[in-house]
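None of the figures in this text is laboratory data; all of them are computed from the coordinates on show. Every value quoted in this text rests on a predicted model; they were computed, and no experiment measured them. Backbone-built Cβ (ideal geometry, glycine too); neighbour counts: all protein chains shown.
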């Protein structure tokens with residue numbers, strides 16, 4: 001009696017965590033830019049995501065990887081060019097559509113997903129880690145709750161038949177590379193001078209030997 005209800009609740013929670021992948025980075029970027037007015041943090045965040053996306057795009061083209069829903073429905077058969085995967089590419093998200101009586105996820109995954117074979121690396125697994133990492137760096141609190149967000153998204157990705165665990169782990173490795181390229185190399189080496197202009201301190205009175213309390217700084 002309770003099993004269908006519990007499954008429905010888990011499906012809804014997993015669907016929300018998984019689809020939040022699209023909106024949460026935008027929200028965090030807005031907080032860095034507008035709410036906290038922290039331009040350096042904003043640009044480090046954006047550059048990390050940009051490098052991550054570039055590395056992922058190259059991998060998608062060089063090494064297309066099938067997600068679990070494809071193997072579950074079609075086995076290890078090579079896909080036919082221009083194949084339609086209507087009704088299957090949403091994976092277990094289809095169960096959420098049935099529960100709600102809509103075709104939202106089916107339409108979203110079939111109509112707006114240009115590449116069905118982009119399982120490695122998992123950006124659904126990578127984005128939440130980047131979000132939690134930068135939010136923690138900014139506010140230095142709620143580390144436990146911030147860690148739960150990536151874990152919940154990882155669970156959702158596997159539960160919904162969208163990714164294997166290895167896809168998520170590879171995505172995490174890509175974050176390390178992207179972070180060091182963006183934050184440790186590109187930002188300090190190329191972009192910091194445009195975002196954090198140097199301020200010079202000019203002291204008046206020092207040349208006359210006046211006490212520091214009588215000197216003026218501009």
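Computed values, structure above
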| item | result |
| --- | --- |
| The range 22-81-the range 139-201 distance, computed between alpha-carbon centres (Å) | 11 Å |
| Residue 165-residue 190 pseudo-label distance in nm [points 7 Å out on the Cα-to-Cβ vector] | 3.8 nm |
| Inter-site label distance for residue 27 and residue 173 at 7 Å from Cα along Cβ, in nm | 3.1 nm |
| Separation in nanometres of the label points that stand 7 Å from Cα toward Cβ, at residue 155 and residue 77 | 3.6 nm |
